[in-house]
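Novice: Shown below is the structure under consideration.
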């Protein structure tokens, strides 16, 4: 049995993927924002984000969004967005030092790519990109965060990440950027696979 100590960490990002959300501003321009509270249920991606930011403002008014998932090589581009907001004036709830930036794609050095089914662009440099529509946007119990249920309409993937002849992402090729207690990481070597896997790795134990 492992011995433990009681701690009170200021954040609970215990190793979660980073995603880049694109939403539509009032003037039709795209807003791009990084976040690390996203998880999938079937064809729905659940997002947790600040209630006062531009992304939350946009999703309350327009439901189109894209969810682009960067790999480890894009961590510097992601970090360029960490201290800026597309909301003007900057909300008081933002940490000290936050600044307003209108062109988030330009700030990050990333490329907008047109979507097929929604009005907002995807991030061209990301290996996985989801076109989606918010079907529910609500405040959490403390009214500090928005919980968004986004229905995925279309998935775009770098061909190098797809098992040939299938619709499966190759987990041996895909390597998401991980936000681990405010540090950026990639994945380590594969340890094994679940009994539900449809892409078992040769020579790896279950």
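Novice: Would you tally the residues in segment 84-103 being touching a helix residue (DSSP H, G or I) at 6+ places or on another chain (Cβ under 8 Å) and in a loop (DSSP other than H, G, I, E, B)? Lay out the reasoning, then the answer.
Specialist: Initially, segment 84-103 is screened for residues touching a helix residue (DSSP H, G or I) at 6+ places or on another chain (Cβ under 8 Å), giving 84-87, 101.
Of the ones still in play, those that are also in a loop (DSSP other than H, G, I, E, B) are 86-87, 101.
Qualifying residue count for the region: 3.
Novice: Something else about it: Of all residues in segment 65-83, count the ones that are in a strand (DSSP E or B) and in contact with a helix residue (DSSP H, G or I) (Cβ under 9 Å, 6 or more places away or on another chain). Please lay out each step first, then the result.
Specialist: Of the residues in segment 65-83, the ones in a strand (DSSP E or B) are 65-69.
With in contact with a helix residue (DSSP H, G or I) (Cβ under 9 Å, 6 or more places away or on another chain) added as a condition, the list becomes 65.
The total comes to 1.
Novice: Being modelled with pLDDT of 95 or more and more than 24 Å from residue 80 (Cβ to Cβ) is the requirement here; does residue 166 meet it? Lay out the reasoning, then the answer.
Specialist: On the way: modelled with pLDDT of 95 or more: yes; more than 24 Å from residue 80 (Cβ to Cβ): yes.
Judged against the criteria, residue 166 is a match.
Novice: Suppose we filter segment 167-198 for residues that are within 21 Å of residue 41 (Cα to Cα) and either loosely packed, with under 13 Cβ neighbours inside 10 Å or touching a helix residue (DSSP H, G or I) at 6+ places or on another chain (Cβ under 7 Å) (or both); how many remain? First the steps, then the outcome.
Specialist: Narrowing segment 167-198 to residues within 21 Å of residue 41 (Cα to Cα): 167-171, 174-179, 193-198.
So of that shortlist, the ones also either loosely packed, with under 13 Cβ neighbours inside 10 Å or touching a helix residue (DSSP H, G or I) at 6+ places or on another chain (Cβ under 7 Å) (or both) come out as 167, 169-170, 174-175, 177, 194-196, 198.
Of the residues in segment 167-198, 10 are within 21 Å of residue 41 (Cα to Cα) and either loosely packed, with under 13 Cβ neighbours inside 10 Å or touching a helix residue (DSSP H, G or I) at 6+ places or on another chain (Cβ under 7 Å) (or both).
Novice: Sticking with this structure for a sec: Can you find a residue that is surrounded by 16 or more Cβ atoms within 10 Å (Cβ to Cβ) and closer than 21 Å to residue 17 by Cβ anywhere in segment 98-107?
Specialist: yes
Novice: Taking segment 111-140 on its own, how many of its residues are in a strand (DSSP E or B) and either in contact (Cβ under 8 Å) with a residue 60 or more places away in the chain or closer than 17 Å to residue 157 by Cα (or both)?
Specialist: Matching residues across segment 111-140 total 14.
Novice: Which one is modelled with the highest pLDDT, of the residues in segment 142-163 that are over 21 Å from residue 58 (Cα atoms) and either part of a loop (DSSP other than H, G, I, E, B) or in contact with a helix residue (DSSP H, G or I) (Cβ under 7 Å, 6 or more places away or on another chain) (or both)?
Specialist: So the first thing to find is which residues in segment 142-163 are over 21 Å from residue 58 (Cα atoms), and the list is 155-163.
Now narrow it down to the ones that are either part of a loop (DSSP other than H, G, I, E, B) or in contact with a helix residue (DSSP H, G or I) (Cβ under 7 Å, 6 or more places away or on another chain) (or both): 158, 163.
Numbers: 158: 98, 163: 95.
The qualifying residue modelled with the highest pLDDT is 158.
Novice: Residue 135 versus (1) in contact with a helix residue (DSSP H, G or I) (Cβ under 6 Å, 6 or more places away or on another chain); (2) surrounded by fewer than 16 Cβ atoms within 10 Å (Cβ to Cβ): which is the lone unmet condition?
Specialist: Unmet condition: (1).
Novice: How do the pairs read when you match residues in segment 37-48 that are assigned to a strand (DSSP E or B) with residues anywhere that are surrounded by fewer than 12 Cβ atoms within 10 Å (Cβ to Cβ), using Cβ under 7 Å and keeping only pairs 6 or more apart or on different chains?
Specialist: Sorted first by the residue in segment 37-48, then by its partner, the pairs are 46/39.
The values are calculated or read from the model by the stated rules, or taken from the named source; none is laboratory data. Keep in mind it's a predicted model, so treat the numbers as computed, not measured. Note that we place each Cβ from the backbone using ideal geometry, even for glycine, and neighbour counts take in every protein chain shown.
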